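Read the structure below first, then the notes.
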Amino acid sequence: MFSHVSSGCRSGFRILAAGLVAVMAAAEFAHGADEADRWLEEVEGAAALEWVGRQNARTLATLDSPEFERLEAEVLAILDAETRIPAVVEAGGRLYNFWKDREHPRGIWRRTTLAEYRQQEPEWELLLDLDALSAAEDENWVWGGAKILRPGCERALLSLSRGGADAKVVREFDLPSRRFVDDGFGVAESKGSVSWIDRDTIFVAADFGPGTMTTSGYPRTARRWRRDTPLTAAEVVFEGRPDDMAVSAVHDDAPGFERDYVRRVRSFYDDELFLLLPDGTLRKIDLPDTAEKWVFHDLVAIELRQPWTRGGTTHPAGSLLLGPLESLLAPADPAVDLAVAFEPDDHTALAGVTFTRGTLVLTTLEDVKNRLTVFDLAGCFDKSPAEQVTLLRERLASPQRLDDTGEIGTRSASAIDADRSDELFLTTTGFLTPTTLWYCEDPRGSEPLEPLKRLPAFFDAAGLEARQLFATSVDGTRVPYFVIGPAGSADQPRPAVLYAYGGFEIPLLPRYDAVAGKAWLEQGGVFVVANIRGGGEYGPRWHQAAIKANRPRAYADCAAVAGDLVARGITTPRQLGVMGGSNGGLLVGNMVTRHPECFAAAVCQVPLLDMRRYTKLLAGASWIDEYGDPDDPQEWEFLRTFSPYHAVVESGRYPPMLLLTSTRDDRVHPGHARKMMAKMSRQGHEVWYYENTEGGHAAAATNRQAARMRALAWSFLGRELGLAGSIRGGD
C-alpha cells in the first residue's frame, strides 16, 4: 500500500547525486557477503518462525493503540460490508460469485440468475461453504477459482489453496448435488492449470515429480487425462524445456469453434501459441513470440510489444492487429494481410480488449485517462480469410464511443457470455466516485445503460478533489501522476502518501479505494498515485524504458514526483511517505536506499529486495526479462545498483520503514522482507516488520487478516507523517 530529511528532493541534481551514492554503496558489496541472513529463507523453519513471532510482537506492541483498533474495525467493516458489489462470472445462464463477509470469513461459492442479480437483494443458491469445508477437513482453505464444464454446467473443477498460496489443490465438484465427486478428477497441491475437454477428459499441467517443473517453478508438461485412469498415465501433449517459464493446454468450448491450444511460455514476454490437432500434431500460430496473442472464434488478436513488419507495412509496438486464424497458422499465408484495430501515439496506449459475439470493445488510455470504443464485427467470422480482413477493415474504420465522460476515472468492459451474446457488464470507478456496475444489452445500440449495482460511499469525500499533474524526471521525461486530497491542498502542505508500482507493463488507473479513503483521505491526508516508467500507462515503450539496466529510471521518476509535490507546496519531505507492494516493494526499497532525503516513512509490502538471489527463490527466475540475470556477471553489474538488501549500509540515514509479508507467499519469497529486516535492524535503523501466517502474495486469506495488514500500514504512516497531530491541531 501504500530521520531527518533534507529538502534536497526538490533538486534533480540532488536526486541524481543520491542515486550515485546508492550505486557506490552497492558497489562495495562483495560476492558472497551478507550470507548471515540466509537461514531466514527457510520459510517454515522453526528458528525462522520464532524470529518472525518476535518481530510481529514488537510491531504490534509499537503500533497498538485505541486509534489502531478503531481503524482496524473500520477497515474490517468496509471489507465485510453487505453493500459491496458481488463480482460474477457467467456459465450456462447462471452468474457465479465467491463472497466473504463476517459470517463467512473464508467465503462461500454461490450462484444466481441475471434476472435475480438485477434485483436490489438477489437470492443466491449456496454451492460451497469454505469455512465449513475447512473445519471438516482441518485445513485453512482459500478459494482459488472454478472451471465449469460447458455446455451442461453440471461439473466444475475447483482450485483450493492452503493459506492462499499460488500452489493449489484441484478437486471435481458436482453442481446439482453440491458435493465433491468421489474418485473424480483431483490434482495434488501444485502450481499449474486445468481445463475441461469433455465430461471424461481434462487437460492438466502440474507437478508430476522430478524433472516436470521449470526452473521458475511452473509445469513444463501439458497432459491429457482421461477419467478412471491414474493421473500418472495422463498422455503428454507437449513438453517444454527446463528453462522455459511454463507450459499449459486449454480447450476452447465456444459452440462451432471448439479447438484445443497449447501455450509454451519461454519467458515473461516471450511465448508460442499452438493449435493442437486431433491427431496430436501441433500447428504454431505464426506470429512474433514477443506479442500477446489470443483466438476468439476464427479471429486472432495480436498485441505487439515490438515493431513488426508484415507485407511491407511496419506496425509499431503497442498496436492491436486482427487477422483470420486459418491464414496465420504456420506457415502463414503472406497474401492475407491484417486489420489494424489500434495504433498508439505518444499519448495513447491500449489497456483492454473485450470480444462479444459480434463486437470488439477496446479500452484505451490517453495520458492515463480512460476511453471505451466499440467496433461492430458481426458477420466477420463466417467469411473467407481475405473477405474477413476486408470486412474487418471496413468495420474498424467506424468506431463508436461508449460511456466517454472525459472525467478522471476508469471505465472497463467484460462480456457476460462472449460466445452467445453481445451483453456486457461495464464498470465505472474513480478516486472519489464509488464504483458502479452497469448492464449493457448491446454496445452498438442506443439504449441507455442500466445501473445494476452501486457501491455506497464508504468515506466522506466532501471538499476533496482528484487532479492530474506532471513531473519532469531527471532525464527530461514527463511523468504523470494523480493527487487526491482536500481542494486547494497546495495552500498548506499536508501529510501525503505516494503510491507507485512501475513494472511488468501494468498501469495504475483511477479507482475507488474505500480503505485509503477512510484511513487517509477522510482524515485530511493527501494520496498520490504516480504513473512511473516500467508500467503500462503508455504501452510497451513506457514499460521497456525501465527494464533491466534501465530499471533505475523508474526510481528517478518516483523521486521526481516526490520533488514536484514539494515544489508545488502540496507536502514537505517531513510529511511525505512512500508505499508499494511486490515489484512496488522493490521500488520502495530503492526509494529508501537511493532517495532517503525525499521521504519520512515507507511501507514495503510483499517485496523483492535481494536481487542477487531473487532467481533462486520461488518464482523469481520467471522475472529475468524484467530485471536481469544475477548469474550473468555483466547483468549483475547493473542489478547490484538496485538491490536494496545490498545497498543498505550502517552509515545510511533512512526513513522509518514497515515491512509486510506472508509466510504462505510462494510467489515472492518472504525471505526478501525477512532478510532486509534482519540487516537493517542489525545496523540500527528504524524498521518494523509484520508477517501474516497465511494469505499468499495477497498477504491475507480473510477480510480480518486484510484489515489488520491495512490498518498496520495506515497507522504506521499516520504516526510517522504526523497526520493525527495535524488533525488535532486543526487546519
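Does region 153-173 include one or more residues that are at negative phi, within 28 Å of the chain's Cα centre (by Cα) and polar (S, T, N, Q)?
yes
Of all residues being among the polar types (S, T, N, Q) and in a helix (DSSP H, G or I) in region 632-662, which is nearest to the chain's Cα centre (by Cα)? Just the residue, please.
Looking at residues that are among the polar types (S, T, N, Q) and in a helix (DSSP H, G or I), I get T641.
Which strands (runs of 3 or more DSSP E) does region 461-516 wholly contain that include 1 or more residues that are more than 25 Å from the chain's Cα centre (by Cα) and outside the structural domain of T428 (by TED's automatic domain parsing)?
Because the criterion is at least 1 residues that are more than 25 Å from the chain's Cα centre (by Cα) and outside the structural domain of T428 (by TED's automatic domain parsing), the strands (runs of 3 or more DSSP E) in region 461-516 that meet it are 464-472, 478-486.
Can you name every residue in region 370-394 that is over 13 Å from G323 (Cα atoms), under 33 Å from the mean Cα position of the chain (by Cα) and not in a strand (DSSP E or B)?
A378
Give the residue that is nearest to Y512 (Cα to Cα), with candidates limited to residues of region 434-456 that are in a loop (DSSP other than H, G, I, E, B) and among the hydroxyl-bearing types (S, T, Y). Steps first, please.
So in region 434-456, the residues in a loop (DSSP other than H, G, I, E, B) come out as 434-435, 441-449, 455-456.
Right, trim to among the hydroxyl-bearing types (S, T, Y) and you get 435, 446.
Numbers: T435: 6, S446: 28 Å.
Here the residue is T435.
Residue by residue through region 42-75, note down the ones that are among the charged types (D, E, K, R) and more than 14 Å from P670 (Cα to Cα).
E50, R54, R58, D64, E67, E69, R70, E72, E74
Quickly run through region 451-478 and pick out the residues that are surrounded by fewer than 21 Cβ atoms within 10 Å (Cβ to Cβ), in contact with an Asp or Glu (Cβ under 9 Å, 6 or more places away or on another chain) and closer than 16 Å to A567 by Cβ.
Those that are surrounded by fewer than 21 Cβ atoms within 10 Å (Cβ to Cβ), in contact with an Asp or Glu (Cβ under 9 Å, 6 or more places away or on another chain) and closer than 16 Å to A567 by Cβ: L469, F470, T472, V474.
Which of the residues spanning region 566-614 are of a type in the set (V, I, T) and within 24 Å of the chain's Cα centre (by Cα)?
V578, V588, V592, V603, V606
Looking only at residues in region 177-224 that are in contact with a His (Cβ under 9 Å, 6 or more places away or on another chain) and hydroxyl-bearing (S, T, Y), which one is farthest from R259 (Cα to Cα)?
Restricting to residues being in contact with a His (Cβ under 9 Å, 6 or more places away or on another chain) and hydroxyl-bearing (S, T, Y), the top hit is T201.
Looking at A457, A471, A496, A462 in this structure, which one is among the hydrophobic types (A, V, I, L, M, F, W, C) and in contact with a Ser or Thr (Cβ under 7 Å, 6 or more places away or on another chain)?
A496
State the number of residues belonging to region 329-349 that are among the acidic types (D, E) and closer than 23 Å to V368 by Cβ. It would help to see each step written out before you state the result.
Residues of region 329-349 among the acidic types (D, E): 333, 337, 343, 345-346.
Add one more test, that the residue is closer than 23 Å to V368 by Cβ, and what stays is 343, 345-346.
Total satisfying the criteria: 3.
Quick one: in region 522-537, of everything that is in contact with a helix residue (DSSP H, G or I) (Cβ under 6 Å, 6 or more places away or on another chain) and β-branched (V, I, T), which residue is surrounded by the most Cβ atoms within 10 Å (Cβ to Cβ)?
Result: I532.
In the list R444, R454, which residue meets the criterion of being modelled with pLDDT under 95 and over 22 Å from the mean Cα position of the chain (by Cα)?
Working: R454 fails: modelled with pLDDT under 95.
Every option except R444 fails the conditions.
Go through region 532-630 and tell me which helices (runs of 4 or more DSSP H), entirely inside it, have 2 or more residues that are closer than 28 Å to E41 by Cα and either assigned by TED's automatic domain parsing to the domain that holds P507 or modelled with pLDDT under 95 (or both).
By residue number, 552-567, 583-594, 624-627.
Give all pairs with beta carbons closer than 6 Å in which a residue from region 133-154 that is assigned by TED's automatic domain parsing to the domain that holds A701 and closer than 22 Å to A698 by Cβ meets a residue that is among the acidic types (D, E) and part of a loop (DSSP other than H, G, I, E, B); count only pairs at least 6 apart in sequence or on separate chains.
Listed pairs, sorted by first residue: none to list.
It is to be established whether one or more residues within region 340-362 are hydroxyl-bearing (S, T, Y) and closer than 30 Å to T477 by Cβ.
Yes, some residue in region 340-362 is hydroxyl-bearing (S, T, Y) and closer than 30 Å to T477 by Cβ.
Just for strands (runs of 3 or more DSSP E) wholly inside region 263-369: which have at least 1 residues that are within 21 Å of the chain's Cα centre (by Cα) and farther than 25 Å from C380 by Cα?
Correct list: 270-276, 348-355, 359-366.
Mind checking whether some residue in region 39-55 is modelled with pLDDT of 50 or more, farther than 30 Å from Y512 by Cα and among the polar types (S, T, N, Q)?
Within region 39-55, one or more residues are modelled with pLDDT of 50 or more, farther than 30 Å from Y512 by Cα and among the polar types (S, T, N, Q).
Filter region 557-585 down to the residues that are of a type in the set (A, V, I, L, M, F, W, C) and surrounded by 24 or more Cβ atoms within 10 Å (Cβ to Cβ) and list them by number. First the steps, then the outcome.
At the first step, the residues of region 557-585 found to be of a type in the set (A, V, I, L, M, F, W, C) are 558-562, 565-567, 570, 576, 578-579.
Selection gives C558, A559, A560, V561, A562, L565, L576, V578, M579.
Looking only at region 105-153, count how many residues are loosely packed, with under 14 Cβ neighbours inside 10 Å, among the acidic types (D, E) and more than 30 Å from R454 (Cβ to Cβ).
2
What are the residues in region 481-506 that are under 27 Å from F268 (Cβ atoms) and surrounded by 20 or more Cβ atoms within 10 Å (Cβ to Cβ), if any?
Y481, L498, Y499, A500, Y501, G502, G503, E505
Scan region 303-330 and report the pairs whose first residue is on the phi < 0 side of the Ramachandran plot and whose second residue is crowded, with 16+ Cβ neighbours inside 10 Å and polar (S, T, N, Q), with Cβ atoms within less than 6 Å and a gap of 6+ or a chain change.
That search, which allows pairs on different chains as well, returns L304/S319; R305/T290; Q306/T290; P324/Q388.
Could you grab the pairs with beta carbons closer than 7 Å, sequence gap of 6+ or different chains, first residue in region 364-393 and farther than 30 Å from A471 by Cβ and not assigned by TED's automatic domain parsing to the domain that holds S446, second one among the polar types (S, T, N, Q) and exposed (fewer than 15 other Cβ atoms within 10 Å of the Cβ)?
Cβ pairs passing all conditions: none.
The values are calculated or read from the model by the stated rules, or taken from the named source; none is laboratory data. All values reported here derive from a predicted model rather than from experimental measurement. Glycine also receives a Cβ, built like all others from the backbone with ideal geometry; neighbour counts cover every protein chain displayed.
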